[in-house]
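Each remark here refers to the structure printed beneath this line.
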Amino acid sequence: MEVSVKTQRLLALLGAATLAVTLTACAGEEADASGSGAGGAKGEIVFGLDEDSTGPGASYAVIAGKTIRMAVDEINAAGGIGGQKIRIVVGNDESDPTKTPTVVRKLVDDGAQVLLLDTGSGAVLQGKSVVKQAKIPAIAPTAVTTSVALPPDNEYTYMLANGVDQFAKAYCGAIEKKGFKKIAVLSDASPAIDNINKLVIPILEDCADVVAQESAPVDAADLSAQVARIKQADPDVILVASLGGNFEVLAHNTLFQQLPGVLRFSLASIGNQPDSWARTNPGALKDVVYMGAIDKNNPKTVELEKKLKAANGNDYRLTAYDAQAYDSVYLLKAAIEAAGGADDPTAVRDALNKISGFEASFGQTGFTLSFTADKHMGADGLCGLVLSGFDAKNQPTGAWPDFQLPCTVG
């Protein structure tokens, strides 16, 4: 017979008492989900964090995870939520969709009352049914696959950012504005990017001729053959679709060498990974336009950047991953406060569905996030997207002057 989540939590608490384990609610306290955690003890609220810290999504999940911890520390230092401190239990699915259900179940068994799915969109998709079964509200801070927020099994799963289908609209707008006719796509072979390409490429086909589609494993050491075939197809523009990290660096280095001067679009990764800029060959990013979400004219963005620099040093570079992670924690805080606590996950879910006009730390000035029972993608309109460029020194230059999507709902 299936054991209910409530019963599992009670058994965990009784087991903890038998072992005479004393739990404290210290600021930023964290337990690895591979251990025998017990959540929901009196005086604490337990956040479950599925963080890809070692897999293909680690290049962005680690950034988001660090800021999630900072936000939790900040809340705990201010007294917690309704006087209860937050404790984090952690699991790692390595952005592997086959591992996600087990990791999410373990986080729930370890007492998680809300979840942060800081992993690849493909992995989040495989965790949705478990989240629904457990009836635990979950936010995927960095997810960009629209289906994460859509049925089926989306009753308890949410995302913040504009989806990749809207990315594709932005790139189509740029393609039409520049008069491009032919586009090539170079992708890593991760499940997350495969899911994204299934959304993006059909939209691109409506505005340009997709003349080449090449892919390679995430840990590829050489992309010369793939890029040679792209060069033979003679595209006007190239889209690099990857989780970032070494693959993205290798892709831009190789493309810059073989197709200098050809404009490249990137699905956000390179613009949000400062460590990658220094590993890219000199000048290799000057022809790259990435899908960003950071606008330094947004006062909420400026405020968060100051906090991150205070916590991590003045050289720290704010990314969209930071902003989306930070906002995710505070959205959960707002919902828990509105629900009168975290003991009733369904009440927290219902409170999330009533959040409206939450001022985001990313996107253009005035960009907001809202949820309803039928809207689990937080972005209010297209102002969360900012096409951004690089200079010849591989440094971001801010908003790309050639084209931006209008700030409209839809």
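Of ASP188, ASP109, which residue is of a type in the set (D, E, K, R), touching a Pro at 6+ places or on another chain (Cβ under 8 Å) and crowded, with 22+ Cβ neighbours inside 10 Å?
ASP188
Each row is one residue, and each column tells you yes or no for (1) within 18 Å of the chain's Cα centre (by Cα); (2) over 20 Å from ASP287 (Cβ atoms); (3) among the hydrophobic types (A, V, I, L, M, F, W, C); (4) in a loop (DSSP other than H, G, I, E, B).
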| residue | (1), (2), (3), (4) |
| --- | --- |
| ALA351 | no, yes, yes, no |
| SER361 | yes, yes, no, yes |
| GLY366 | no, yes, no, yes |
| GLY384 | yes, yes, no, yes |
| ALA392 | no, no, yes, yes |
| THR397 | no, no, no, no |
| LEU405 | no, yes, yes, yes |
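Would you pick out the residues in the stretch 224-249 that are farther than 23 Å from VAL386 by Cα, at pLDDT 95 or above and either surrounded by fewer than 22 Cβ atoms within 10 Å (Cβ to Cβ) or of a type in the set (Lys, Arg) (or both)?
SER224, ALA225, GLN226, ALA228, ARG229, LYS231, GLN232, ALA233, ASP234
Taking the stretch 197-221, which residues are under 26 Å from ALA61 (Cβ atoms) and either free of Cβ contacts under 8 Å to residues at least 12 places away in the same chain or in a strand (DSSP E or B) (or both)?
Selection gives LYS198, GLU214, SER215, ALA216.
Any idea which of LEU115, LEU125 is surrounded by 18 or more Cβ atoms within 10 Å (Cβ to Cβ), aliphatic (A, V, I, L, M), in contact with a Leu (Cβ under 8 Å, 6 or more places away or on another chain) and not assigned by TED's automatic domain parsing to the domain that holds LEU267?
Of LEU115, LEU125, the one residue that is surrounded by 18 or more Cβ atoms within 10 Å (Cβ to Cβ), aliphatic (A, V, I, L, M), in contact with a Leu (Cβ under 8 Å, 6 or more places away or on another chain) and not assigned by TED's automatic domain parsing to the domain that holds LEU267 is LEU115.
Of the residues that sit in the stretch 251-261 and are within 29 Å of ILE63 (Cβ to Cβ) and surrounded by fewer than 24 Cβ atoms within 10 Å (Cβ to Cβ), which one is nearest to the chain's Cα centre (by Cα)?
Here the answer is ASN253.
Of all the residues that make up the stretch 302-321, how many are part of a helix (DSSP H, G or I) and more than 16 Å from GLY378 (Cβ to Cβ)?
Of the residues in the stretch 302-321, 11 are part of a helix (DSSP H, G or I) and more than 16 Å from GLY378 (Cβ to Cβ).
Take TYR321 and tell me if it is under 30 Å from PHE256 (Cα atoms), within 18 Å of the chain's Cα centre (by Cα) and of a type outside the set (Lys, Arg).
For TYR321, the condition - under 30 Å from PHE256 (Cα atoms), within 18 Å of the chain's Cα centre (by Cα) and of a type outside the set (Lys, Arg) - is met.
If TRP400 meets every condition in (1) of a type outside the set (A, V, I, L, M); (2) touching a strand residue (DSSP E or B) at 6+ places or on another chain (Cβ under 6 Å); (3) closer than 30 Å to ALA112 by Cα apart from one, which number is that one?
TRP400 satisfies every listed condition except (3).
Applying the selection to the stretch 262-282, what residues are touching a helix residue (DSSP H, G or I) at 6+ places or on another chain (Cβ under 7 Å), touching a residue at least 40 places away in the same chain (Cβ under 8 Å) and not in a helix (DSSP H, G or I)?
Listed by number, the residues that qualify are PHE265, LEU267, ALA268, GLN273, THR280.
Can you name the number of the only condition in (1) surrounded by fewer than 20 Cβ atoms within 10 Å (Cβ to Cβ); (2) within 30 Å of ASN253 (Cα to Cα); (3) among the acidic types (Asp, Glu) that ASP344 fails?
The number of the failed condition is (2).
Kindly indicate which of GLU51, GLU94 is buried (at least 23 other Cβ atoms within 10 Å of the Cβ), modelled with pLDDT of 95 or more, among the acidic types (Asp, Glu) and outside the structural domain of LEU243 (by TED's automatic domain parsing).
Testing whether each residue is buried (at least 23 other Cβ atoms within 10 Å of the Cβ), modelled with pLDDT of 95 or more, among the acidic types (Asp, Glu) and outside the structural domain of LEU243 (by TED's automatic domain parsing) leaves just GLU51.
Please find, among GLY79, GLY111, GLY120, the residue that is under 14 Å from the mean Cα position of the chain (by Cα) and of a type outside the set (Lys, Arg).
Answer to the selection: GLY120.
Take the residues in the stretch 303-341 that are at pLDDT 95 or above and surrounded by fewer than 14 Cβ atoms within 10 Å (Cβ to Cβ); name whichever of them is nearest to ARG69 (Cα to Cα). Steps first, please.
Here is the first cut: in the stretch 303-341, the ones at pLDDT 95 or above are 303-314, 322-341.
Restricting the remaining residues to those that are surrounded by fewer than 14 Cβ atoms within 10 Å (Cβ to Cβ) gives 303, 306, 310, 313-314, 340.
Working: GLU303: 17, LYS306: 16, ALA310: 14, GLY313: 16, ASN314: 19, GLY340: 23 Å.
Across the stretch 303-341, the extreme among qualifying residues is ALA310.
Determine the pairs where a residue that is touching a residue at least 40 places away in the same chain (Cβ under 8 Å), located within the stretch 349-367, has a partner that is surrounded by fewer than 19 Cβ atoms within 10 Å (Cβ to Cβ) and part of a loop (DSSP other than H, G, I, E, B) with Cβ atoms under 7 Å apart, the partner being 6 or more residues away or on another chain.
GLN364/CYS407; THR365/ASN297
The values are calculated or read from the model by the stated rules, or taken from the named source; none is laboratory data. This structure is a prediction, so every number in the text was calculated from the model and none was measured. Positions of Cβ are generated from backbone atoms using ideal geometry, with glycine treated the same way; all protein chains shown enter the neighbour counts.
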